[in-house]
Every structure is written in C-alpha cells, then in structure tokens.
C-alpha cells in the first residue's frame, strides 16, 4: 500500500509523513530528499543550473521509477502533483492525502525559509511573498483538492487520518 501526502510547501508533509508512517508501521520517503540524494545537490541549486522544467521532468521520472517497496508513506514535493499528470499517477497507485493550510499559516511558516525555497526566492519582501503564495496556491489547489482525502493541516492528528484511510 502507498500513501502519498500532497500540499503546498511548508504544509508539513515530511513531518506528518514520518509520524503517520511510524503509527502505521510503514516506511517513510521524502521525494525531495531522494531527488537531492540521487543528484548530489539541492533542488534549489539544481533548478538554478538546469531550470524548473528539467527538475519537474526528473522528479516525475523518479516518482514513477523509484523502487518504493510496499507499505509506504511518500511526502511529495509541493509542485509534484501539478506536473506531468503526477496526481493521476498517485491516485492510481495509492491513496492521496492533501494537507490543506490557509495562506496565512503558510506565510507564517515560509517567511523565514524563503531563501531555501527556489520558487519563493524572487519575493523581495513580505508583501511580494504573500502575493507569490497566493498565486501559486491558487493555481495548485484545484489539483491538490483531487486527493482522496483532504485534511486540515493545522492540529492534524495521525489517528484521525488513519481512521479515514482505506487500509488493505
């Protein structure tokens, strides 16, 4: 069984994914970390040198081609479901959970991390950061909301999510 966690950057996919996997006795994988390990560089540096299109192409190939094993939780990157029909692939191969957070909560989580996030680096101040979060989330949310399960990301409890999963 595969469980995919999707949501905007800063929504807690990796943190919650580790907790969920532990509670289920599953293995946990972070797609961004696997990409960085396989390329020997950060995603930010990779995008700077090769562009976002190349990153998205390789990210999609990794999602489909990695030997994940069984009984796993995968934290997808924030943009992963939005490119190369990845959301449909994830829905066909597992259960997809969207960790939904408000723009304000995302802003508070990302304001101190914007230099680490390649897509947020262009924001010169907090006003531009808010606008960028709004713009990206507006484009991505319709895809995120195609998930099998939508969960409010704040105060998320693994037990509540487990109760909503269709474990086979």
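The values are calculated or read from the model by the stated rules, or taken from the named source; none is laboratory data. Given the structure is predicted, the values throughout are model-derived calculations rather than measurements. We place every Cβ from the backbone using ideal geometry, glycine too, and count neighbours over all the protein chains shown.
Yes or no, residue by residue, for (1) within 17 Å of residue 30 (Cβ to Cβ); (2) part of a helix (DSSP H, G or I); (3) over 16 Å from the mean Cα position of the chain (by Cα):
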site	(1), (2), (3)
41	yes, no, yes
45	no, yes, yes
70	no, no, yes
74	yes, no, no
91	no, yes, no
96	yes, no, no
99	yes, no, no
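Among the residues of region 87-113 satisfying the criterion of being without any contact (Cβ under 8 Å) to a residue 60 or more places away in the chain and touching a helix residue (DSSP H, G or I) at 6+ places or on another chain (Cβ under 6 Å), which is surrounded by the most Cβ atoms within 10 Å (Cβ to Cβ)? The qualifying residue surrounded by the most Cβ atoms within 10 Å (Cβ to Cβ) is 107.
Once region 7-23 is narrowed to residues that are touching a strand residue (DSSP E or B) at 6+ places or on another chain (Cβ under 7 Å) and part of a helix (DSSP H, G or I), the residue that is nearest to residue 72 (Cα to Cα) is 21. Going through region 142-154 one residue at a time, which ones are out of contact with any helix residue (DSSP H, G or I) (no Cβ under 6 Å at 6 or more places or on another chain), surrounded by 15 or more Cβ atoms within 10 Å (Cβ to Cβ) and part of a helix (DSSP H, G or I)? Of everything in region 142-154, just one residue is out of contact with any helix residue (DSSP H, G or I) (no Cβ under 6 Å at 6 or more places or on another chain), surrounded by 15 or more Cβ atoms within 10 Å (Cβ to Cβ) and part of a helix (DSSP H, G or I), namely 144. The lone criterion from (1) at pLDDT 95 or above; (2) in contact with a strand residue (DSSP E or B) (Cβ under 6 Å, 6 or more places away or on another chain); (3) over 23 Å from residue 48 (Cα atoms) left unmet by residue 76 is number (3). Give region 118-141 a look and list any residue that's surrounded by fewer than 17 Cβ atoms within 10 Å (Cβ to Cβ) and either part of a loop (DSSP other than H, G, I, E, B) or at positive phi (or both), or say none. Within region 118-141, 121, 122, 124, 125 meet the criteria. Can you find a residue that is in contact (Cβ under 8 Å) with a residue 40 or more places away in the chain, in contact with a strand residue (DSSP E or B) (Cβ under 8 Å, 6 or more places away or on another chain) and under 18 Å from residue 143 (Cα atoms) anywhere in region 47-68? No, the conditions are met nowhere in region 47-68.
Check whether at least one residue in region 56-67 is surrounded by 22 or more Cβ atoms within 10 Å (Cβ to Cβ), within 19 Å of residue 148 (Cβ to Cβ), within 16 Å of the chain's Cα centre (by Cα) and at pLDDT below 95, and report yes or no. Checked against the condition, which is being surrounded by 22 or more Cβ atoms within 10 Å (Cβ to Cβ), within 19 Å of residue 148 (Cβ to Cβ), within 16 Å of the chain's Cα centre (by Cα) and at pLDDT below 95, region 56-67 yields no hits at all.
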